[in-house]
Amino acid sequence: MASKLTTFILQLAAALTLCAPSWAQTSRGHLQEEGIDPPIEQILRSQKPDASDPRFVRAYREAIVSSIKREMATPGRVEELIVKTYGQISPVKMKLFARNMQTILKHEGYYDMLVNLTLPMVMAKVPMEQIKEVMSATALTIPLKGLPRLNEQDQMAFIAYTARLMSTVPPEVCKRITNNDISAQESAYIERSYLVTRSDEEFTAVADLYLRAIEYELSDYPYVAKYTDAQMESAQTIFAKALVERMQKRMPIQQVSGILNDLKKASAKEVCATSLDIFRTLLDMPAPFRKWQLQAFVNQASR
């Protein structure tokens, strides 16, 4: 799971960009025929969505940028959105959320993503509610997709944070999370509820980590680390051996095998304990195998 810091920003962006159905389906104006670029407003009003026309794409993007920035410039708007999503939080947390939002809104990759995501749907006349759903779902994946770009220390911090969170939820919930039997919306709610109760110090560390993941994903840089098959296989072998040894301290090997072979059949308490064993084993692995296995883990989590 990852904190969904941009969910409400993307939902807002969806609402602001969906003026397309009201665009007039008329021919291009004289300025365009004469080879002179018309104003943005004229392009949007006089031409149907056309992803193959660079001028239309540019005008569409600039309309999104100006609309979102204008909305966010409204006094108190940022704080209002944060409170709506996270409730009343400390001044330190409010300041960090506001900083993260403003940082994302200044990132060119953010607007590129919005255009690439919404323009094809606008051209296909996808209903507004469906576009909102797609954008909300996409928002939930941005921090996760950025995790593989983080360095080893950040990935370890993410694993440690996730382990702390998982240890606080009821076993039944922990099992559903482990088996990926939980919706993105419920997962986001669980993490938001947990994160805002953390100390300002821990909250700051997590918020900074997620912001790096988001910025890296929007920038498509740094590139995801690549390791050889031999490196990944050796890391998996060491990890599996250490995990079994850790679990054997709590139960017979036959029970360990049964749980690892079918987590869905195991009890919620057993699955939750196993998930914590997995996190602790990852963090305790020796170098350089830990780096390789961490990469494999976050690569899988980001899919």
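Residue-level check: of (1) at pLDDT 95 or above; (2) surrounded by 15 or more Cβ atoms within 10 Å (Cβ to Cβ); (3) within 19 Å of residue 296 (Cα to Cα), residue 284 misses just (2).
The selection criterion, being without any contact (Cβ under 8 Å) to a residue 40 or more places away in the chain and open to solvent by 40 Å² or more (accessible area, probe 1.4 Å), holds for residue 95. If I ask for residues that are within 25 Å of residue 265 (Cα to Cα) and either at pLDDT 95 or above or hydroxyl-bearing (Ser, Thr, Tyr) (or both), which ones from the stretch 177-208 would you list? If the condition is that a residue be within 25 Å of residue 265 (Cα to Cα) and either at pLDDT 95 or above or hydroxyl-bearing (Ser, Thr, Tyr) (or both), then 178, 183, 187 are the ones that fit.
Residue 223: under 28 Å from the mean Cα position of the chain (by Cα) and surrounded by fewer than 14 Cβ atoms within 10 Å (Cβ to Cβ), yes or no? Considered against the rule, which asks whether it is under 28 Å from the mean Cα position of the chain (by Cα) and surrounded by fewer than 14 Cβ atoms within 10 Å (Cβ to Cβ), residue 223 comes out as yes.
Summed over the stretch 258-274, the residues that are modelled with pLDDT under 95 and of a type in the set (S, T, N, Q) give a count of 1.
Of all residues in the stretch 141-164, those satisfying the criterion of being buried (at least 20 other Cβ atoms within 10 Å of the Cβ) and either touching a Pro at 6+ places or on another chain (Cβ under 9 Å) or not in a helix (DSSP H, G or I) (or both) are 149, 150, 155. Scanning the stretch 199-220 for residues that are more than 15 Å from residue 159 (Cα to Cα), surrounded by 21 or more Cβ atoms within 10 Å (Cβ to Cβ) and not hydrophobic (A, V, I, L, M, F, W, C) yields 216, 217. Quick check on residue 229: is it of a type outside the set (Lys, Arg), over 17 Å from residue 301 (Cβ atoms) and modelled with pLDDT of 95 or more? Yes; evaluated as a whole, the condition is true for this residue.
Quick grid of which residues meet (1) surrounded by 14 or more Cβ atoms within 10 Å (Cβ to Cβ); (2) in contact with a Cys (Cβ under 8 Å, 6 or more places away or on another chain); (3) at pLDDT 85 or above:
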{"residue": "20", "(1), (2), (3)": "yes, no, no"}
{"residue": "30", "(1), (2), (3)": "no, no, no"}
{"residue": "69", "(1), (2), (3)": "no, no, no"}
{"residue": "87", "(1), (2), (3)": "no, no, yes"}
{"residue": "107", "(1), (2), (3)": "yes, no, yes"}
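Given the structure, is residue 123 of a type in the set (A, V, I, L, M, F, W, C), over 20 Å from the mean Cα position of the chain (by Cα), farther than 22 Å from residue 183 by Cβ and open to solvent by 50 Å² or more (accessible area, probe 1.4 Å)? Answer is yes for this residue. Filtering the stretch 51-87 to residues that are closer than 20 Å to residue 100 by Cβ, free of Cβ contacts under 8 Å to residues at least 24 places away in the same chain and assigned to a loop (DSSP other than H, G, I, E, B) leaves 73, 74, 75, 76.
The values are calculated or read from the model by the stated rules, or taken from the named source; none is laboratory data. Keep in mind the model is a prediction, meaning the values are calculated, not measured. Quick reminder, even Gly has a Cβ in these numbers, built from the backbone with ideal geometry, and neighbours come from all protein chains shown. Protein only, heavy atoms only, side chains kept; ligands, DNA and RNA dropped before computing areas. Shrake-Rupley method; radii C 1.70, N 1.55, O 1.52, S 1.80 Å.
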